[in-house]
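The structure appears below as structure tokens.
Readers should treat all values here as calculations from the given coordinates under stated rules, not as data from a laboratory. All values derive from a computational prediction rather than experimental measurement. Note that we place each Cβ from the backbone using ideal geometry, even for glycine, and neighbour counts take in every protein chain shown.
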Amino acid sequence: MSSTVTLERPARQASPDPLSGNALPASSPLPLDPLAAPEAALAPASGSAPALATILFDDISIPSTPPAEGTEAPAAAPFVIDDLSKASWAAAKALEAEARMADRATLAESYISRIRAWLTDANKADADTSAYLSILLKPYVEGELARSGSRSRTVKLITASASLRKAPDHVSVLDEPVAMAYLESNHPTAIVTKKTISLSALRSLIFTEGEAVPGVEASLGSDSLYLKPRA
């Protein structure tokens, strides 16, 4: 059993300058700005080469011209893929879009990793300070509570309220097969069997044997289109 000290700062008036002290001034940029660069970083450079699809199929595009203000939109001819050129153009454009999304995802992950690393590093000194001072405070709080004889587990200090809270009892299974064998032989009630549905058996019942199973929604699988660039 263990108890932890929880400190609560008393309510106080909001500071007129919450960014004073060691905090960054309002005009200073953040150390990391993950929202400033992604689109600019992924935008094509002004002198970059055009995409292959633009060179090969420069006469193909999806009609998207908006109607003039105050006029009705003419019925645009639907874009139909009906020959090899259009199919190749569509596949190339789809792959370009997927590549841009993949680049953005990679960029986002890099920013997330950098922010997490920054947060861990920035918090280390404060985390160490809080943990160290809490260790020093705990014996004092325990002694004050013992002397007071009160059922309360809180000591009111000048700057904070210090409370003892019992942490939950903790058990870790280090060798599951050994523990499982012992419990099955001596304390079978400590073994919990989880009931679950076999999806393979369920698919066979529905699609092979044609049985309707209440509480289950089923649909036949359909073909999906997968694209990959040609070497």
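A Förster radius of 45 Å, combined with the Cβ-Cβ distance separating residue 226 from residue 151, puts the computed FRET efficiency at roughly 0.10. Rounded to 0.05, the FRET efficiency of the residue 122 and residue 171 pair, given R0 = 35 Å and the Cβ-Cβ distance, is 0.55. Of the trypsin sites (Lys or Arg not before Pro) in the stretch 159-231, the ones in a loop by DSSP (not H, G, I, E or B) with at most 14 other beta carbons within 10 Å are 194, 195, 230. Listed values for the stretch 201-217 are Karplus-derived 3J(HN,Hα) couplings in whole Hz (6.51 cos²θ - 1.76 cosθ + 1.60, θ = phi - 60°), namely 5, 5, 4, 5, 4, 7, 8, 9, 9, x, 8, 7, 10, x, x, 10, 10, and x replaces Gly and Pro. Summing Lys and Arg as +1 and Asp and Glu as -1 over all other residues whose Cβ lies under 13 Å from the Cβ of residue 135 gives a net charge of -1. Between residue 99 and residue 140, residue separation times 0.36 nm minus the direct Cα-Cα distance comes to 8.7 nm.
In bins 10 Å wide, starting from 0, what share of all Cα pairs of the stretch 101-188 does each bin hold, as a percent? Bins of 10 Å from zero give 12, 20, 17, 21, 24, 6, 0 percent of pairs.
Given Cβ point charges of +1 (Lys, Arg) and -1 (Asp, Glu) and nothing else, what value in debye, to the nearest 20, does the dipole of the stretch 90-191 about its Cα centre take? My answer is approximately 680 debye.
Counting only Cα atoms, the size of the stretch 82-231 along its three principal axes is 89, 50, 32 Å, in decreasing order.
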